[in-house]
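**Student:** The structure's right below; bear with me while I get my questions together.
The values are calculated or read from the model by the stated rules, or taken from the named source; none is laboratory data. The model shown is predicted, which means the values in this text are computed figures rather than measured ones. Positions of Cβ are generated from backbone atoms using ideal geometry, with glycine treated the same way; all protein chains shown enter the neighbour counts. Areas reflect the complete protein model, heavy atoms only, side chains present, ligands, DNA and RNA absent. Shrake-Rupley method; radii C 1.70, N 1.55, O 1.52, S 1.80 Å.
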Amino acid sequence: MKLTTFLALTATASLSPFLHGADTYKIDPVHSSVGFGAMHLGVTNFYGRFDDISGTVVFDKENPAKSSVELSVKTDTVDTHEPKRDQHLKSPDFFNVKQFPVITFKSNKVEANGDSYKITGDFTLHGVTKPLTVEFKKGGEGKGMQGETRSGGETRFTIKRSDFGMNFMQGVVGDEISVMLSLEGIKQ
Amino acid sequence: MLLLKQILPGIIGAALLTGGLGAILAWLSRSFSQGKNGGWLLPIAVSIGFAGGHILAAGWPAFPPADATLWLFYFALLTGVIGALVEFIFVVPVGLRRLVWLIVFTGLMRLLLQPKFQYGWTHKERVLWWIASVVSVSLITWCLEKSDRHGELRLLSPLVATIVSAGTGVALMLSGSLLLGQLALVLAGVAGSSLLVAWFLADVSFRGAAPVVAILLASLLMSGYLYAELPAWSALCFAVAPILALVVPASSNIRLGPWKSLALASGLVVLPVVVAVFIAIRASPPMEY
């Protein structure tokens with residue numbers, strides 16, 4: 001190895017603690033929320049949530065394009081505060097949880113957009129994968145009870161369930177589903 | 001009331017399509033082949049009837065469908081064509097016919113079971129379930145074919161198919177899936193319409209449609225058990241119900257007369273169907289909310 005190359009590498013290595021790279025955050029399911037709303041009979045929305053969300057966010061503040069998001073939500077944790085409805089939602093009529101146990105999102109592009117981030121990725125629901133772009137508004141940062149660093153944010157978006165093959169009972173349950181996603185991650 | 005508005009179009013549409021198409025094809029068959037070999041009609045009429053009912057109930061599924069249950073639409077079309085070709089147009093020997101259907105059933109059941117192959121089953125479970133599903137379809141096919149008899153007893157096979165499909169529809173609705181229940185009732189509408197076609201047109205045989213009905217019925221039962229909440233005993237009762245039609249021998253036609261034989265055979269089929277529905281009622285999650 002040439003001396004100049006060796007010196008360059010050594011300098012870079014010694015400076016690395018002072019260079020800001022990407023941070024990896026593991027999603028805290030206890031302090032994250034996934035909610036959805038659907039129109040019932042054209043009257044008003046009813047709301048529900050999923051109780052199990054997991055995933056990883058790699059966040060590079062200096063270079064957001066190098067950031068990434070991977071999320072997974074277990075469909076059989078759907079909760080609309082009515083057990084009979086929950087059972088129906090889990091059936092082949094809707095989420096079909098025995099065939100499609102998870103909803104996933106995997107980003108392939110992150111762009112800074114003012115004080116929020118435009119995240120584009122593959123959203124898979126009911127076995128169908130479609131591209132999805134959301135505006136993610138970053139929240140704050142803080143220290144947890146054990147001194148761990150926490151960060152997060154939230155986003156809201158709308159999808160059409162018919163785009164994902166969930167066509168049953170259109171008219172009774174609206175096609176447009178609003179989704180509210182609030183994430184809190186623990187820095188690894 | 002809302003439920004009836006949801007499910008009736010599919011059932012009625014399927015029945016009308018099957019009956020209308022069956023009648024038209026029978027007329028064409030008589031016009032061009034002097035009424036011989038009319039058995040190719042019903043596989044086509046049944047498959048198109050079910051496909052039409054499926055569109056009304058659940059829409060036209062994407063290909064390939066992500067939801068394994070939606071393969072039923074393509075199962076119906078494929079087996080209808082094969083049924084017409086294999087059973088009657090080419091008039092293949094029995095052994096070859098059985099082999100062709102065995103291969104078809106093996107492939108189709110693999111598609112239906114794909115989600116379970118993907119999530120959760122061990123290799124041994126996959127093999128066992130695959131074999132069991134193919135055996136069950138083959139058994140139902142055999143029972144329906146054997147129920148296809150002469151004279152008035154030619155009505156037995158479509159009658160058995162109608163009774164078992166209707167009961168399956170009710171049980172599936174009670175098991176938490178209105179969609180699967182609706183598709184089973186579409187199948188009942190199709191089988192019932194076939195019954196009418198066979199009633200009015202003596203040269204039309206249900207035998208060719210037996211594999212079509214069998215694969216759809218077996219797929220609905222498997223989907224109900226694996227993907228909805230249909231109790232295992234309920235599914236088994238439905239699967240074995242067609243066997244009881246064969247308890248009444250063909251020779252009973254002479255002793256009892258055709259209509260009494262028909263009533264006795266169908267009555268025996270009704271018994272396990274009633275038991276299956278009762279089991280589903282006891283196990284059903286309440287749907288009103």
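**Student:** Would you work out if region B:83-180 is rounded, prolate or oblate? Take a ≥ b ≥ c from the square roots of the eigenvalues of the alpha-carbon gyration tensor; rounded if a/c is under 1.5, else prolate when a/b is larger than b/c, oblate otherwise. The partial results should precede the final answer.
**Tutor:** Working: a/c = 2.65, a/b = 1.28, b/c = 2.08.
Since a/c reaches 1.5 but b/c is at least a/b, the shape of region B:83-180 is classed as oblate.
**Student:** Take the alpha carbon gyration tensor of region A:66-188, find the square roots of its eigenvalues, order them as a ≥ b ≥ c, and report rounded if a/c is under 1.5; if not, report prolate when a/b exceeds b/c, else oblate.
**Tutor:** prolate
**Student:** Something else about it: Give the ranking of B:TRP129, B:TRP233, B:TRP259 by solvent-accessible surface, highest area first, calculated with a 1.4 Å probe.
**Tutor:** From most accessible down to least: B:TRP233, B:TRP259, B:TRP129.
**Student:** Okay, moving on. Carbon and sulfur: what percent of the protein assembly as shown's accessible surface (1.4 Å probe)?
**Tutor:** 66
**Student:** A further question follows. Could you tell me whether region B:32-144 comes out rounded, prolate or oblate from its Cα gyration tensor? Rule is a ≥ b ≥ c as square roots of the eigenvalues, rounded for a/c under 1.5, then prolate if a/b exceeds b/c, otherwise oblate.
**Tutor:** Oblate, because a/c is 1.5 or more while a/b does not exceed b/c.
**Student:** Follow-up question, since we're still on this one. How big is the accessible area of B:GLU152 in square angstrom, nearest 10, if you roll a 1.4 angstrom probe over the protein chains?
**Tutor:** Here the residue's solvent-accessible area equals roughly 70 Å².
**Student:** On a straight-distance basis, which lysines could pair with A:LYS130 in a cross-link, Cα separation under 28 angstrom, same-chain partners fewer than 8 positions away excluded?
**Tutor:** The reachable lysines, counting only those whose Cα sits under 28 Å from A:LYS130, are A:LYS26, A:LYS61, A:LYS66, A:LYS74, A:LYS90, A:LYS98, A:LYS106, A:LYS109, A:LYS118, A:LYS138, A:LYS160, B:LYS116.
**Student:** In debye to the nearest 20, how big a dipole does chain B give about its Cα centre with +1 on each Lys and Arg Cβ and -1 on each Asp and Glu Cβ?
**Tutor:** In debye, rounded to 20, chain B gives about 480.
**Student:** List the lysines whose alpha-carbon lies under 19 Å from that of B:LYS146, not counting same-chain residues fewer than 8 positions away?
**Tutor:** By straight Cα distance, B:LYS146 reaches B:LYS260.
**Student:** Then there's this: Can you find, among A:PRO101, A:GLY114, B:ALA161, the residue farthest towards the positive end of the dipole of the protein assembly as shown? Put +1 on the C-beta of Lys and Arg, -1 on that of Asp and Glu.
**Tutor:** Looking along the dipole axis, the top candidate is B:ALA161.
**Student:** Something else about it: Rolling a 1.4 angstrom probe over the protein chains, ignoring ligands and nucleic acids, what is the accessible area of A:ASP51 in square angstrom, nearest 10?
**Tutor:** 80
**Student:** Quick check for me: using +1 on Lys/Arg Cβ and -1 on Asp/Glu Cβ, what's the dipole size of region B:107-202 about its Cα centre, in debye to the nearest 20?
**Tutor:** Numbers: 7 positive and 4 negative charges, 59 e Å.
With Lys and Arg at +1 and Asp and Glu at -1, about 280 debye.
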